[in-house]
1. How big is the charge dipole of the chain about its Cα centre, in debye rounded to the nearest 20, if each Lys and Arg gets +1 on its Cβ and each Asp and Glu gets -1 on its Cβ?
2. For the range 152-166, what does the Karplus curve 6.51 cos²θ - 1.76 cosθ + 1.60, with θ = phi - 60°, yield as ³J(HN,Hα) per residue in whole Hz, taken in order and with x for Gly and Pro?
3. What is the distance, in nm, between label points placed 7 Å from the Cα along the Cα-to-Cβ direction at I335 and at T227?
4. Suppose R0 equals 56 Å; then what is the FRET efficiency for V278 and E111 from their Cβ-Cβ distance, rounded to the nearest 0.05?
5. Please compute the modelled spin-label separation between L81 and R239, points set 7 Å along Cα→Cβ, answer in nm with one decimal.
6. Once you list every other residue whose beta carbon is under 13 Å from the beta carbon of F344, what net charge do they have if Lys and Arg are +1 and Asp and Glu are -1?
7. Please list, ordered by chain and number, the residues whose modelled amide H lies under 5 Å from the amide H of I67; skip anything fewer than 5 residues away on the same chain.
8. Could you name the lysines in cross-link range of K233, using Cα to Cα under 22 Å and dropping any fewer than eight places away on the same chain?
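Every read-out reported here was derived from the displayed coordinates using simple, explicitly stated rules and does not represent laboratory data. Please read these numbers as outputs of a predicted model, since none were measured by experiment. Note: ideal-geometry Cβ built from the backbone for every residue, glycine included; neighbour counts use all protein chains shown.
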Amino acid sequence: MISTVPHNVRGVAASCPQCTSSLGRIWHPDMRIPRGWALAAGLFYLLALAGPFVQISIFGRLQRADIATGPLQLTVQGFDLVGFLVLAVTIIFPGIKLGIVLLTLFGIRLEHQPTRFLKAIFRWYPLIGPWAMVDVYLLGFLVAYTRLTAMATVHLDLSLFALVGLMISMAALDGSLDTGAIWDALDTGPAPRPIDADHRGGHLIGCHCCFLINRAEPGMACTRCDTVLRDRKPDSIVRSWAFVIAAMALYIPANLYPVMLITQLARTTPFTIMGGIVELFAAGLWPLGLLVLLASIAIPLVKLLSMACMLIEAQRPSGRHLLGLTRTYRFVAFIGRWSMIDVFMVSILVALVRFGQFANVQASTGAACFAGVVVITMFAVESFDPRLMWDGAREAAPETPPDPTLIAEPA
Ligand SMILES: [Zn+2]
Ligand SMILES: [Zn+2]
């Protein structure tokens, strides 16, 4: 829905009166803070790639790993897709995300800013964001670390601390970057015409990418960022159902099959996700066990079931629990990537524990199925359009929308 948010009110956060979604903070854009964090993140990124981040020794034999070792070993063991996925979300996407932000933040300072180029790359920023998973990777490392200390002497290296720095500076960058202000700075075309409340003289479409409200027909390009405008995401329900059903089908083998095979002193034991959680609890590491239980078992299940509820609501609108369902949608969209913890743990163990009959970790079918569940569920959430649920309800009972809720933010 369309809300009018007052301009230039500092320190105020606006939220949608209908679904309570944040409409963004209203502030004077100060690009120096995100610029600083982006530079710091770029530096940490290069440092993190520069060397090994951990090494272990068993019986005097040494093994070290950098970030790329895990994906490489997964490929060697025949799990090419999982290896590529880990490589993409830990190295490629964080790198692209940082590249986009750095180019944009410094590009808009130029006297003759390359507007077309900057718009073309900044459009990708919101799409790539969830796929840069340095933070999740570090949590996966924490789980792997508890397993490693049980079987070897573990030595942490410089790159690990660079990864922690990268995680912190990327979080600070996300928190301080006002994407609306960037789009405003890139917007050199004619100012968008004011919106008249009667919707006269055209059809109002909010851009999916930069959130500018255009007066246009579906299929035309957004006047600010050139994204093709759509009233609602195309084929949203069919595509989301396809992804949800595929992920549900993979969820079962992901939990039944072992995610890895651990060999210690010539004895090989299969290791399922549930088995790993039981082990963490048995070792007294119950906060970590609880975390993995939530991330690996509960969250994927809750996501798939609530996606199914939302899809049913969109197809057969009952008008009930709309606010709850929309909040759930935002929650699952935010939480989804954290289910990658176990995949990262396997990739780190596979990279390090390579001592033949003494100690060895081999990835297994469950890991591939599990990675599939996480990725396909993220696609399902991405292709669903929560506004479809409200559309159905509005057809039943049309009413005039109230003004946006303004909440004063603590300074
Ligand atoms: Zn809303
Ligand atoms: Zn746009």
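1. On the way: 30 positive and 26 negative charges, 77 e Å.
Here the size comes out at about 360 debye.
2. Residue by residue, the range 152-166 yields 7, 8, 10, 10, 7, 10, 4, 4, 5, 5, 5, 5, 4, x, 4 Hz.
3. With each label placed 7 Å out from Cα toward Cβ, I get 2.5 nm.
4. Values: r = 62 Å, r/R0 = 1.11.
That gives a FRET efficiency of 0.35.
5. My value for the distance between the label points is 1.9 nm.
6. Working: positive: R147, R337; negative: D135, D342.
Spelling it out: positives minus negatives among the neighbours equals 0.
7. F53
8. Filter leaves K119, K303.
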